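Notes follow once the structure below has been shown.
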Amino acid sequence: MNATLICFSQTASVNELLNVKGQAVTTIHHNTITDNYGRTLAQLLNDQPGIVINGAYQPVGSLVSIYMEGTLGGRALILIDGIPVYDPSSLPDYFDINLISLYEIESIDIYHGTQSSTMGNGAFAGAINIITIKKNVSKPVQLSAAQSIGNENTLNSNLQLYGSTDRWNYAASYSHLSTNGFSLAHDSVGNKGFDNDGYTGNILNTHVAYSAGKYLQWKANCLYSQYKADSDGDAFQDSKQYYYNNKQLNLGTGFIVKKNNTLLVGNYQYSSSNHYFHYDNEYHENYVGKANFAELYLQQTLSSKLKLLLGTDYSSAYMNNAFYDSTYGQEHLYPTINMFSTYGKISYSTKDSSLGIDIAARATHHTAYGWVYSYNIGADYKLTKAINLFAGIATGFKSACLYQLYNNYGSADSALVPEKTLNYHLGISFRQKQFTQRLRLYYYTSKDLIYWDNNISMYDNFNKQKTWGLQYEMEWKLNTNFSITANYTLLKGQDYTIGHQRYSDTVTYPYLFRRPEHVVNMGIHYAIKSFKIGISGRYVSDYYDVNPGNTDYIIPHFVVLNAYSNYTFHQHWQVFASIQNLLNNTFYDVTGLNSIPMLINCGIRFQL
């Protein structure tokens, strides 16, 4: 169930900020997403090259961390329909992908490599753009619905209404998922009676667009998502009272003006988040965050070979935290932080598009620490009709989140500076009618990484990291019925940090934690007329974790097999089924926490 390759260097996005030469982009198309109904967004992203998501195999709703190209968790920027989404109330302020269902998604673009110059704060090791806007809508009113059931008492529902006229385009979608789940904590003894950790979630997503004449388009969107998930105390530790309830509201609007050689784009988005943690009947806490994001950029075609893009964006973030126990309650109000950026990009392309070069730069001012700068230089060259070469060098940054900046609940920690990285990459892609493949090599050197320092009981910029690796992707259409997709990631690196056992030690670990050295994903697909079936597998090599005693622990290698099938009848109806962990293997991706047993899902969809 891998992504369909390959979107080389450029995408068809209206957002010109996302179109960067010399970059590799993996696109997960809608047919791949529908084949994965019954899985979570985290599980689908986990199958992609260069991405490891700890927690993807744990019970639905588990708090996951996205590791991209070997960097630390949370260093990939999440965008929805090209707009960055932030959650200032979380640590370290990245968007919770549990809040999005696959039913809401039209396609996904994964941008490999540092993207800070064009996409801003947080695009440290790449970006993931989740596209919810439907394509190819031709009727004023269209309706689709899906209903599926599975073991663990799983119920998954979706209802969508969408359409278009000469000037209007709209869509509204509602999704519900509930499951009894399984225990997050692993019962190593086997007779402690750990309870299941269930999940219930609801999502409402709407958007509308209006074309006001030949040159102007206006748009607006609303996303509301809420879920409640049971959890456990820690590795090997059950809890029958611990749960969390997360809510997210995004409201946005924007416009696009396109006339002749000029493109002007403006967007605004307001976000509100709420995270409630109920640890037990005495102790609970609540985090509330609010964020604003606004951008305006202009692209001008200067000649047949040159384009110039200039833009600015502004973001603000606010958070408060309240915690209570049986005898005590306290609330902390965090100051609002503001970021302001100006950026530019100049693009050169030969008339035959055989050579393309992009140079981009960004200057960002942050309330707490002042200015930070980033740049990107990327190029791609069409060696032959089938072979493309691409390369780039870029710097990236990620600012400290509110919790890290104000962990002493007073003035900002003036010693903290943004995390910084320098990224080199180069690659080659080969595309023919039946066979497509791409090889990409990359190297990161990162410094000032923010880490909780037990020696001073504060966050600091002590950590450093180097990572390097390669990613290989391929898609082979053997004939009109059979196809094979595969990707392989090799990752190596080292962490310079505080010792796990003795905090007074500084250690250079010659390996990366929770990031395996070798990952292989492969899928075999067969389609004939209205029937489709496929099987996919994921191999993960041994890798290191830290167990509850703060000693390094090796997670054994594992293989997970999945399968899916669907059949379309009477044009508008489809039945589908999927099985995760086909062999019902017992495996772990985090020490002391369970991973999925065999999960079976089957359902029906219709579209009118």
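Tabulated values for the structure
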quantity: Under 9 Å, Cβ to Cβ, from residue 184 - net charge with Lys/Arg +1 and Asp/Glu -1; calculated: -4
quantity: Rounded FRET efficiency, nearest 0.05, which uses the C-beta distance separating residue 351 from residue 63 and R0 of 45 Å; calculated: 0.35
quantity: Net charge over other residues, Cβ less than 9 angstrom from the Cβ of residue 437 (K, R count +1; D, E count -1); calculated: 0
quantity: Positive-end extreme of charge dipole, the stretch 7-607 - chosen from 137, 121, 49 (charges on Cβ); calculated: 137
quantity: Extension gain, residue 188 back to residue 298 (0.36 nm per residue minus Cα-Cα distance, nm); calculated: 33.7 nm
quantity: Reduced Cα scattering model of the stretch 132-281, Debye log10 I(q)/I(0), q = 0.09, 0.11 Å⁻¹; calculated: -0.47, -0.63
quantity: FRET efficiency for residue 508 and residue 415, using Cβ-Cβ distance with R0 set to 22 Å, rounded to 0.05; calculated: 0.45
quantity: Distance (nanometres) between label positions extended 7 Å along Cα→Cβ at residue 204 and residue 424; calculated: 5.3
quantity: In the stretch 437-488, trypsin sites (Lys or Arg not before Pro) in a DSSP loop with at most 13 other beta-carbon atoms within 10 Å; calculated: none
quantity: Where labels lie 7 Å past Cα in the beta-carbon direction, separation of residue 212 and residue 598 in nm; calculated: 5.8
quantity: Approximate spin-label separation residue 441-residue 606, in nm, with each point projected 7 Å along Cα-to-Cβ; calculated: 5.6
quantity: Projected area averaged over orientations for the stretch 245-354, convex hull of C-alpha atoms, nm²; calculated: 10.0
quantity: Magnitude of the charge dipole, the chain, Cβ model with Lys/Arg +1 and Asp/Glu -1, debye to 20; calculated: 2980
quantity: Between the stretch 415-472 and the stretch 166-204, the alpha-carbon center distance in angstrom; calculated: 31
quantity: The stretch 474-537 and the stretch 304-347: distance between their alpha carbon centers, rounded to Å; calculated: 32
quantity: The chain: calculated mean residue ellipticity at 222 nm from DSSP helix runs of at least 4, using -39500 (n - 2.57); calculated: -500 deg cm²/dmol
quantity: DSSP-loop GluC sites (Glu not before Pro) across the stretch 253-353, with at most 16 other Cβ within 10 angstrom; calculated: 282
quantity: Size of the chain as Cα extents on the principal axes (Å, biggest first); calculated: 67, 59, 44
quantity: Residue pairs, from the table 219/420; 134/228; 135/259; 247/420, whose Cα atoms sit over 25 Å apart; calculated: 219/420; 134/228; 247/420
quantity: Calculated FRET efficiency for the pair residue 480/residue 387, C-beta based, R₀ 22 Å, to 0.05; calculated: 0.30
quantity: Gain on full stretching of the segment that runs from residue 569 to residue 492 - 0.36 nm per residue minus C-alpha separation; calculated: 22.9 nm
quantity: Relative exposure of 431, 502, judged by other C-beta atoms within 10 Å (fewest first); calculated: 502, 431
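Each value in this text was obtained by applying a stated rule to the coordinates, not by laboratory testing. This is a predicted model, so every value here is computed, not measured. Note that each Cβ is placed from the backbone with ideal geometry, even for glycine, and that neighbours are counted across all protein chains shown.
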